[in-house]
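Please treat every number below as a calculation from the coordinates, not as lab data. It should be emphasised that the depicted structure is a prediction, and the values quoted were computed from it without experimental measurement. Backbone-built Cβ (ideal geometry, glycine too); neighbour counts: all protein chains shown.
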């Protein structure tokens, strides 16, 4: 129309493809109608996108999607949520909370919520939630999103552990820590400092690398880690 003026130039093909890729990622994770409809409205661009993100979910994560959508409904409608929770120490409790945000990080779902029993904002892993339901409403508080990158709740009690890492699995640590934190020792081994919790959760992370990783220091962590390996040996001996 002659009377219409464009304040901004139209999006380029690359920009449209970028938006479409982002929407496809959301569609993979949430499978929501809003993302699907937005993709249809964008229209399929000609050619093959030069950038794709594959966030395909495991069976368990697909099942968790129902809880995600229930929490998103509660957030958007300011509904209180009630649920049972098992924390990382295996302790069970009943929770009443105000939900504020859902986060998908490292292929796990989390929720930022104001917990009534603790009287503060807290992070909950959705895989540890059961019997979720909504009742009543709440007035939103002043909320600052909780950091998932170096946040205090994730870094708390971490110990800097020096490791020797075999070249077979060094790519994992390059992705985790960055190249500047990986030092080559020889043609086979690299030295890294990896922050870990000095408990079974930290030990189990290392066990996944098998003989391609060796703990060097600190001595206290090494002692606890090898004692845990001995416990596993005893466990399997008595299991048989």
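Below is a table of values for the structure above.
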| item | result |
| --- | --- |
| Gyration tensor (alpha-carbon) shape descriptor, segment 59-152, a/c threshold 1.5 | rounded |
| Rounded if a/c under 1.5, otherwise prolate or oblate - segment 157-234, Cα gyration tensor axes | prolate |
| Distance between modelled label sites at residue 77 and residue 228, nm, 7 Å Cα→Cβ extension | 4.3 |
| Rounded, prolate or oblate (a/c below 1.5 giving rounded, otherwise prolate when a/b exceeds b/c) for segment 90-240 by Cα gyration tensor | prolate |
| Fewest-first sequence of 216, 81 by Cβ atoms within 10 Å of each Cβ | 216, 81 |
| Taking 100, 236 and counting other C-beta atoms within 10 Å, the order from fewest to most | 236, 100 |
| Alpha-carbon centroids, segment 68-141 and segment 162-240: separation in whole Å | 33 |
| Full-stretch length increase - residue 157, residue 171 - with 0.36 nm per residue and alpha-carbon distance subtracted | 2.5 nm |
| Sorted by Cβ density within 10 Å, fewest first, the residues 80, 177 | 177, 80 |
| Nearest-0.05 FRET efficiency for residue 238 and residue 106, computed from C-beta distance (R0 25 Å) | 0.15 |
| Spin-label proximity, residue 34 to segment 71-89 - amide N less than 16 Å from point 7 Å beyond Cα toward beta carbon | 71-79 |
